[in-house]
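All of the numbers you see were taken from the coordinates with simple rules; none came from a lab. Quantities reported herein were computed from a predicted structural model and do not represent experimental measurements. Note that we place each Cβ from the backbone using ideal geometry, even for glycine, and neighbour counts take in every protein chain shown.
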Ligand SMILES: Nc1ncnc2c1ncn2[C@@H]1O[C@H](COP(=O)(O)OP(=O)(O)OP(=O)(O)O)[C@@H](O)[C@H]1O
Ligand SMILES: [Mg+2]
């Protein structure tokens, strides 16, 4: 479903973040993506979203070579993926309402009307922002912004879902609620990848984990304490 | 195709960024108004001076002491002159009536006191071919006995002609300068406002909006800003024009100016609108493209 082949990515004038990485994620899997700060978790997402280009190698998505996509195809590709970005402040329209932010992907896809509002209502209900839907995003706390981002990423019911530190600003109970939401998406058949360096979160969910370490990506088990310590 | 869907988005954006938009509109409107006023002055100067200089009518103001017979003798002499066509003797009442008709004013536009002092005149046209010799012709009639004053367009214009010529030259110069700086101002306003909204463009881009989708709203926004700027400038220039016109009441000369002055013909207004809308669209388009280029990998 998602395939890196011999992929190398480096930012201008720096050592590579990923060095000839090969990996594969099947449709419908739930993966954590872990690694220390600066390991390249966000970079992986940006590559998959065609927001960065690799120096070398191939990226296949549903069998398609996305590096060959035209700009219009890239845009459509991005629309098919629900994404929660790490830096919420820069990823929401601050002067728009919660509702408008959540509706943005629908608007871009040219959808509107009752069905769309229904879907938004359900989602805002799930993240607990239904009553505040008219409030401007600029007035929200970091955690609340994260919830808006999550609702926005989910609004389409995407087949593929990326979340970059989705629980970073949330307290424990809210974090679990969000993870439950992601789990539900996964249960409905979507592929979900959650980037986090919160190893205890990973442990409590016992899902498969990809670790970025020494410019490579490998699958690790992070079920018990000894395995977790090794990952650090 | 995106342009239609861009309209409601552009309107939303305008309302959301109303502060910044208002600034752009004010900049566009005030520089456009300046351009409009210089342009209007130019148009009027050209218009009025053309009316004046194409006028080949000469009037000989006769001395009030002249009797009926002497007036007719003078008329005969003028009629016999080879350059003169259609010379007629005009009584003060007739003169007043035809002047009023020419200016489109009603008959009572001069006060009674001014009517009292009006002399008999002999009015004639110079054959069009001899227009250049109107000056020397006037001089020779000036020397005739019984003629108090010879009046014709160029002489009345006198110093005004110099003013007209000067305004014409300066008008073209200034209009050119303002036009150039105007283009720069619009392009700059578009660039600045879009750079401050780079984040918004980036979010749209991340969320899977195509270039066309992103561009359309901004291009429509540029067009709307240009439209509003144009309308504001039009209102501004129109009021300034009305104000100046209302003030032109010092003397007969300015009264005549007042009657002759014109506002921009609709073709010019529509042309300005089209140019402006084109400029707004183009500069928005270029500015969005710059931002997109910076974002895309
Ligand atoms: N736009 C960029 N230009 C240059 N270097 C970059 C850029 N983005 C990331 N990097 C570098 O690439 C490396 C990987 O960054 P990345 O953001 O992918 O890490 P991360 O695993 O997401 O870290 P974190 O857990 O802190 O979010 C870092 O060393 C970072 O400095
Ligand atoms: Mg990151």
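Observations, loosely collected:
- Prolate/oblate/rounded call for the range A:87-157, Cα gyration tensor, a/c under 1.5 rounded: prolate
- Peptide B:207-216 - average C-beta neighbours from other chains (10 Å radius): 6
- Counting only DSSP H runs of at least 4 residues, each contributing -39500 (n - 2.57), and dividing by the residue count of chain B, the helix-based mean residue ellipticity at 222 nm comes to -25000 deg cm²/dmol.
- Per-residue ellipticity at 222 nm from helix content only, as computed over chain A with -39500 (n - 2.57) for each DSSP H run of at least four residues, stands at -11000 deg cm²/dmol.
- Listing B:263, A:30 from fewest to most neighbouring C-beta atoms within 10 Å gives B:263, A:30.
- Alpha-carbon gyration tensor eigenvalues x 5, square-rooted, for the protein assembly as shown, Å: 84, 22, 16
- Mean separation of Cα contacts under 8 Å (6+ apart) over length of chain A, as relative contact order %: 28
- Residue B:81 paired with residue B:195, simple spin-label distance in nm, labels 7 Å along Cα-to-beta-carbon: 6.9
- Peptide packing for A:58-69, A:157-168 was compared via the average number of neighbouring C-beta atoms within 10 Å per residue; ordered from the highest value, the list is A:157-168, A:58-69.
- Residue A:8 paired with residue B:227, simple spin-label distance in nm, labels 7 Å along Cα-to-beta-carbon: 5.4
- Across chain B, C-alpha contacts under 8 Å between residues 6 or more apart give a mean separation that, scaled by the residue count, equals a relative contact order of 32 percent.
- What separates the Cα centres of the range B:52-86 and the range A:23-79 is a distance of 96 Å.
- Take each residue in A:72-83, count the other chain C-beta atoms within 10 Å of its C-beta, and the mean is 3.
- Cβ-based exposure ranking for B:162, A:129, A:222, in which fewest neighbours within 10 Å come first: B:162, A:129, A:222
- Computed packing ranks the peptides B:225-231, A:106-112 as B:225-231, A:106-112, most packed first, by mean other Cβ atoms within 10 Å.
- Once the C-beta distance of residue B:255 and residue B:286 is scaled by a Förster radius of 45 Å, the resulting FRET efficiency is 0.35 to the nearest 0.05.
- Annotation: the residues A:8, A:122, sorted from fewest to most other C-beta atoms within 10 Å of their own C-beta, follow the order A:122, A:8.
- Mean partner shielding of peptide A:142-148, defined as the number of other chain Cβ atoms within 10 Å of each residue Cβ, is 0.
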